[in-house]
Amino acid sequence: MFRCGGCGKKQEFVNSGRFRVNANGKSVDVWLIYRCKKCKHSKNLTIYERTNPGRIPMELFECFMNNDMDAATEYGRNIDFLKKNNAEFM
């Protein structure tokens, strides 16, 4: 559960299976996109922040760029990753 910016209260979010990759100069940000079950508002969960692209394994980077469902599922099941992004569990 996360606080939803659309609903304005804590809601259940679901893994969209999609990544957002943003390059800024010599660094890259990578997020896994989650969506509110109720209103579909999106929330980006940080995977990499301001990271040199050379530090991300090329195979993994390609998974992000191609919205690899297996990679998205793996991140979505990683409790440490979710806790790092302030997920609350029921």
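The values are calculated or read from the model by the stated rules, or taken from the named source; none is laboratory data. Bear in mind that the values here come from a model prediction, so they are computed numbers and not experimental data. Every residue, glycine as well, gets a Cβ built from its backbone with ideal geometry; the counts of neighbours run over all protein chains shown.
K26 meets the conditions (1) charged (D, E, K, R); (2) modelled with pLDDT of 95 or more; (3) over 30 Å from K9 (Cβ atoms) in every case but one. The failed one is (2). Only residues that are among the hydrophobic types (A, V, I, L, M, F, W, C) and not in a helix (DSSP H, G or I) were counted across region 52-73, and they come to 1.
The residue that is surrounded by the most Cβ atoms within 10 Å (Cβ to Cβ), among those in region 52-73 that are farther than 15 Å from I33 by Cβ and of a type in the set (D, E), is E62. Within region 2-43, the set of residues being on the phi > 0 side of the Ramachandran plot and not in a strand (DSSP E or B) comprises G8, G25, K40. Picking from residues in region 37-51 that are under 14 Å from the mean Cα position of the chain (by Cα) and of a type in the set (V, I, T), the one that is surrounded by the most Cβ atoms within 10 Å (Cβ to Cβ) is I47.
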